[in-house]
1. Residue pairs, Cβ under 9 Å, 6 or more apart or interchain, first in segment 81-101 and free of Cβ contacts under 8 Å to residues at least 60 places away in the same chain, second assigned to a helix (DSSP H, G or I). List them.
2. Just the residues that are modelled with pLDDT of 95 or more, open to solvent by 80 Å² or more (accessible area, probe 1.4 Å) and among the hydrophobic types (A, V, I, L, M, F, W, C), please, taken from segment 93-143.
3. Considering only residues that are in contact with a Pro (Cβ under 8 Å, 6 or more places away or on another chain) and open to solvent by 10 Å² or more (accessible area, probe 1.4 Å), look in segment 305-317 and name the one that is farthest from N167 (Cα to Cα).
4. Restricting segment 188-204 to residues that are out of contact with any Leu (no Cβ under 7 Å at 6 or more places or on another chain) and closer than 18 Å to R166 by Cα, which is surrounded by the fewest Cβ atoms within 10 Å (Cβ to Cβ)?
5. Taking I329 as the residue in question, decide whether it is in contact (Cβ under 8 Å) with a residue 60 or more places away in the chain and either surrounded by fewer than 21 Cβ atoms within 10 Å (Cβ to Cβ) or under 22 Å from A81 (Cβ atoms) (or both).
6. Just to check your reading of the model, which residue among S372, S332, S306, S320 is over 21 Å from V259 (Cβ atoms) and of a type in the set (S, T, Y)?
7. Which of the residues spanning segment 346-380 are of a type in the set (A, V, I, L, M, F, W, C), touching a Lys or Arg at 6+ places or on another chain (Cβ under 8 Å) and open to solvent by less than 10 Å² (accessible area, probe 1.4 Å)?
8. Pick from E285, E290, E310, E297: which is under 19 Å from the mean Cα position of the chain (by Cα) and assigned to a loop (DSSP other than H, G, I, E, B)?
Amino acid sequence: MAVVGIGQTEHAAARRDVSIAGLVREAALRALADAELTWADIDAVVIGKAPDFFEGVMMPELYLADALGAVGKPLMRVHTAGSVGGSTALVAANLVASRVQRTVLTVAFEKQSESNAMWGLSLPVPFQQPLLAGAGGFFAPHVRAYIRRTGAPGHVGSLVAYKDRRNALKNPSAHLHEHGITLEKVQSSPMLWDPIRYSETCPSSDGACAMVLTGRRGAARAPHPPAWVHGGAMRSEPTLFAGKDFVSPRAGRDCAADVYRQAGITDPRHEIDVAELYVPFSWYEPMWLENLGFAAEGEGWKLTVSGATELDGDLPVNPSGGVLSTNPIGASGMLRFAEAALQVCGRAGAHQVDGARRALGHAYGGGAQFFSMWLVGTEPPAG
């Protein structure tokens, strides 16, 4: 199957000009226009978002059918915490691959400005493990464990943030455009959760992303070269269990291995041209480079320091600016998938990677417990 249409909303800290319905419709209309299709061409809709208490609107999918042209059509909701954008795309892809549906619209969104996601993540005991004032308080100890385990120098996180914020300046769809950003500004920003600084964290964004997926027959009629899906997988594991490796979760390794098997990838470092990784805190770039097999254990930070992950490096990571620059949580994973598709289509604009033929889209969520990934290419898969 293939991606033939992609649409992103304008992303901002608060999209007060639209309702949730207006937000998802904005992305959907742009994806349809990109595919040169109409609502009548869509057979089903798959929608996803992060936990409902992020906005305080329970089961919003129940009233979004009209806004998404889904009245009288199948509409499915997906939820896998922060990885949901990727999982939603994979559910839509599987509907097409299994020939249950011919053409599917998939949409993921978040409107965080209408609630408080940070404190929504900090429910009191005994209802869940406390997250210590948001996700950063939960993940900072894992970053410190990575630094101890690998001996990574302390400036690696700032290098990642500086790179991604500069990349975002080339992406008109990104939320943050920090003109005049310098490495010194990143390194002098306030420490929030040691060793994570303010400028090394993701923003809180309102936004949505949509894609149109279809089979080979539909792809042949696409107005521009499609992005072909070569492999996709989801994996999960508990938030806490004896022996869990928070630095390199087993579910992430297994998910990547499945995608590579499907796509015939045996050497991801040299066979994948660009990676859109879910990096909400900058230190997760080197951590995921190891988890996904791009670098040996303890070596991920060396790729970052060497410049390999820069836009002009031999393994560009997050040329779009990534989650560090745009983070509507429910849509953040789908944005990674969509940006990977844009790269292999050669339609990423100023942040296009020259010669990109294979790209990885990656998402994770929860307590590093949910993972979803796909690999897309310029050519249709064999068979």
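1. V100/N94; Q101/A92; Q101/L95
2. V100
3. Out of the qualifying residues, it is V305.
4. In the first step, residues of segment 188-204 are kept if they are out of contact with any Leu (no Cβ under 7 Å at 6 or more places or on another chain); the result is 188-197, 199-200, 204.
Adding the requirement that they be closer than 18 Å to R166 by Cα leaves 188-189, 197, 199-200.
Values: S188: 12, S189: 15, R197: 20, S199: 23, E200: 31.
Applying the filter and picking the extreme gives S188.
5. Yes: the conditions hold for I329.
6. Matching residue, one of S372, S332, S306, S320: S306.
7. Selection gives A363, F371, L375, V376.
8. On the way: E285 fails: assigned to a loop (DSSP other than H, G, I, E, B); E290 fails: assigned to a loop (DSSP other than H, G, I, E, B); E297 fails: under 19 Å from the mean Cα position of the chain (by Cα).
Being under 19 Å from the mean Cα position of the chain (by Cα) and assigned to a loop (DSSP other than H, G, I, E, B) holds for just one of E285, E290, E310, E297, which is E310.
The values are calculated or read from the model by the stated rules, or taken from the named source; none is laboratory data. Bear in mind the structure is a predicted one, so any value in this text is a computation, not a measurement. Ideal geometry is used to build each Cβ from the backbone, glycine not excepted, and the neighbour counts take in all protein chains shown. Surface accessibility is based on the protein's heavy atoms, side chains included, excluding ligands, DNA and RNA. Shrake-Rupley method; radii C 1.70, N 1.55, O 1.52, S 1.80 Å.
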